[in-house]
1. Can you list which of the trypsin sites (Lys or Arg not before Pro) found in segment 1-52 are DSSP loop residues with at most 15 other C-beta atoms within 10 Å?
2. Got a sec to turn the phi values of segment 10-21 into Karplus ³J(HN,Hα) couplings, 6.51 cos²θ - 1.76 cosθ + 1.60 with θ = phi - 60°, whole Hz, x for Gly and Pro?
3. Could you pull out which residues in segment 9-41 have an amide N less than 12 Å from a spot 7 Å beyond the Cα of R67, following the Cα-Cβ vector?
Amino acid sequence: MSELLSVALVCAATLLAKDCSRDTALDVMVAPARTPMECLMHGQTAAAATGLTAGESRYLKVTCERRHADLRHLRRAGYAAAIVLVHRDAI
């Protein structure tokens, strides 16, 4: 499994780049990447695929993120992971 993710965010031009995130983006594209260089190349591919041109009301922001290796981030996001054992007669 690749350690990095190339994340391309399409954000409204009225939104500052520092405020452009997965939560505020109009569209999000994610691709796995094995190296930082591959991550940047995915970003260029995403830029070409969006067809955005200068002067539009949207822009593209590309970031490279580390993939989460554990489930602790799910707990912070409000998700819970659990295994529940039930006796087979109760099913």
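1. Values: sites: K18, R22, R34; in loops: R22, R34.
Within segment 1-52, the qualifying trypsin sites (Lys or Arg not before Pro) (loop, at most 15 other Cβ atoms within 10 Å) are R22, R34.
2. Here the 3J(HN,Hα) series is 9, 10, 5, 4, 6, 8, 5, 4, 5, 8, 6, 9 Hz.
3. 31-35
Here, each number is a calculation from the coordinates, and none is a lab measurement. Nothing here was measured: the structure is a model prediction, and the numbers come from that model. As a convention, Cβ positions derive from the backbone with ideal geometry for all residues, glycine included, and neighbour counts pool all protein chains shown.
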